[in-house]
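These notes concern the structure reproduced below.
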Amino acid sequence: MQVGILGSGGAAFGAAALLHSMGHGVMLWSPSGRGTAELAAGNALTARGALEASFKPGVASSCAQAVAEADVVMLAVPGYGHKAIFDAAAPHIRAGQPFIISSHVSFGAHYLAGLLAERNVDAPITAWSTTLTTGKKATPTEVQVNSVRAQVDMATLNDGGDGRQKSLRMCEQLFGERFKLKEGLMAIALSNLNPQNHLAISLMNLTRMELGENWNQGAHITPAVGRLIEALDLERLEVAKRFGVSVRTVQEHFSRSYPVAPSGVHEMNREMVRKGIGGFGPKTAQSRYVLEDVPFGLVVTATLARIAGIPAPLHEAGIVTLSAAYGRDFGLENDLLHALNIDGMSMEQLRQFAETGKR
């Protein structure tokens with residue numbers, strides 16, 4: 001199959017390398033054009049680490065081209081870029097053309113579904129709880145892939161009939177048997193553990209990020225950081241329980257993503273370091289660990305907790321603390337939540353909206 005990837009960062013390059021290894025065609029589109037300039041000049045994309053590949057992907061000159069020439073479209077940019085790309089892609093998506101969101105944030109699938117409904121276009125939108133690969137873009141043509149996750153949760157909106165199984169088979173055909181179907185988009189919204197994990201990691205290592213230090217992330221998930229991650233996880237699990245959805249614990253997440261036995265978060269990360277799994281923490285404060293995961297992750301969970309009528313003091317404190325540290329209000333920066341206006345919904349209305357995309 002031919003896959004149009006909207007994005008040109010580490011997640012997009014990692015997905016492109018995995019697709020290439022599975023025998024599929026890839027076309028990348030960079031919203032600014034800078035992320036694919038050297039590939040457009042004819043240079044090869046090279047993946048190293050958990051994936052080894054060197055190939056020349058297609059490069060689209062526009063979002064319209066990336067969508068028009070694709071059997072499947074995939075979004076792979078940080079959450080703060082999702083709404084703009086949904087707006088750019090929606091006019092070109094065909095009826096029945098699958099769209100994958102990697103990874104899903106802030107009920108973005110519902111926002112895209114609304115744009116398609118305005119055109120009377122019905123297309124399946126598949127949401128992943130997280131990215132398939134971890135790692136970073138090393139140079140304009142190279143990606144360091146730290147790992148390929150063994151399992152990722154997924155759900156599909158606008159699936160109709162047996163659409164859930166069709167979407168699962170499509171993802172498996174593209175990327176291998178790495179997916180587990182969840183009961184709906186609410187479970188996916190509460191299955192992304194990056195925000196809570198990255199809150200603890202960045203908050204406890206912010207000076208390292210600001211000073212541009214080279215630091216091993218797993219080695220710096222010390223007992224104190226591990227306990228904070230576990231406490232944040234308990235808040236997320238309580239919100240999921242209140243909405244009646246089943247999600248994995250942070251220990252199950254690490255165990256399924258990496259070959260380590262369930263234990264405490266500190267102990268599991270220490271074992272990953274011993275095995276040489278994982279990578280280094282951010283070398284800049286301008287990292288998605290904060291700029292994406294606070295407004296598009298923590299704010300969402302905190303909003304769901306408020307709607308459910310339960311406290312999430314660590315999530316709320318993390319938002320306020322990092323907002324103060326950065327001199328900005330992350331609570332106001334989620335353009336998807338603002339556009340969807342879910343704050344005024346009751347729990348029952350939000351459940352229905354998450355399941356069907358309709359108010």
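Just a few scattered comments:
- Output for segment 87-122, where each listed residue is over 15 Å from the mean Cα position of the chain (by Cα) and more than 14 Å from N158 (Cβ to Cβ): D87, A88, A89, P91, H92
- Residue in segment 29-49 that is touching a Ser or Thr at 6+ places or on another chain (Cβ under 9 Å), surrounded by fewer than 17 Cβ atoms within 10 Å (Cβ to Cβ) and of a type in the set (S, T, N, Q) present: yes
- Taken over segment 241-289, residues that are under 21 Å from L51 (Cα atoms) and surrounded by fewer than 20 Cβ atoms within 10 Å (Cβ to Cβ) amount to 12.
- All positions within segment 234-266 that are farther than 19 Å from T134 by Cβ and acidic (D, E): E235, E238
- Elements of type strands (runs of 3 or more DSSP E) in segment 75-180, at least 2 residues being open to solvent by less than 10 Å² (accessible area, probe 1.4 Å) and not hydroxyl-bearing (S, T, Y): 99-101, 125-128, 142-148, 152-157
- Counted residues, segment 315-355 - those being surrounded by fewer than 20 Cβ atoms within 10 Å (Cβ to Cβ), assigned to a helix (DSSP H, G or I) and touching a residue at least 60 places away in the same chain (Cβ under 8 Å): 9
- Residue match in segment 215-231 (condition: part of a helix (DSSP H, G or I), touching a Ser or Thr at 6+ places or on another chain (Cβ under 7 Å) and open to solvent by less than 10 Å² (accessible area, probe 1.4 Å)): no
The values are calculated or read from the model by the stated rules, or taken from the named source; none is laboratory data. All values derive from a computational prediction rather than experimental measurement. We place every Cβ from the backbone using ideal geometry, glycine too, and count neighbours over all the protein chains shown. In case anyone asks, the SASA skips ligands and DNA or RNA and just uses the protein heavy atoms, side chains included. Shrake-Rupley method; radii C 1.70, N 1.55, O 1.52, S 1.80 Å.
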